[in-house]
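Report on the following structure.
Each value in this text was obtained by applying a stated rule to the coordinates, not by laboratory testing. Just so you know, these numbers come straight off a predicted model, no measurement behind them. Here the Cβ positions follow ideal geometry from the backbone for every residue, glycine too, while neighbour counts run over all protein chains shown.
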Amino acid sequence: MKESRFFNPQELQRVEKAVLMAEELVNNFFKLSSGQWLKNRYDIKTAKDLAAHERVEGPFAQVVKYEGRKKGAPLSSSSYSLYTICIQDQAILFLEEKNKEILLDAFLLYILVHELVHVVRFSRFKHRYENASEASVTLEEERKVHGLTYAILEPVKLPGLAQVLGFYEKWRKRI
């Protein structure tokens, strides 16, 4: 088994910057009010903070759905969905190391926008959340989300973003 690699402190700062930018872009694209955005309950974790079942081989990130409940509320009517975006540091760092055209800031932004689009679609019931594995998301849903991600990011000016959009081009097309 390979030794796990985690983002270093400087890379974590870059993740934080990408999170803030991704949230703003997705919020603006879907024209969500601040009240609507807060209803999309989610958390973002990097690999160091992931539970064993949140770590996966292959994908760069995945969304895991949990059920939250207000403290002390005995009835399920007070429950809500909580989505966790699980960033897979090792996969991201490996691709960045292997493919020198992929710049970390642009790649992180794409991944985070993509996963936030999933969260918005799940919370708006545009696609049903089936289980805690990205692999369970249908190919057609992945194409839709990649298409929306492209629409959100295409006008953004960021070094390396054109290469990342090109990297994912096949996902936007039907085979």
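Things to note:
- Simple label model, 7 Å out from Cα along Cβ direction - Glu140 to Ala51, nm: 3.2 nm
- A simple spin-label model places pseudo-atoms 7 Å from Cα toward Cβ; at Leu95 and Leu20 they are separated by 2.4 nm.
- Neighbour-count ranking [beta-carbon atoms within 10 angstrom, fewest first] of Asp43, Asp89: Asp43, Asp89
- For the chain, modelled as a GNM whose springs connect Cα atoms under 10 angstrom apart, the maximal fluctuation among His114, His146, His53 occurs at His53.
- Whether segment 6-118 is rounded, prolate or oblate, judged on the alpha carbon gyration tensor where a/c under 1.5 counts as rounded: oblate
- A Förster radius of 41 Å combined with the Cβ-Cβ distance from Phe167 to Arg69 puts the calculated FRET efficiency at roughly 0.55.
- The magnitude of the dipole of the chain, with charges of +1 and -1 set on the Cβ of Lys/Arg and Asp/Glu and taken from the Cα centre, is near 620 debye.
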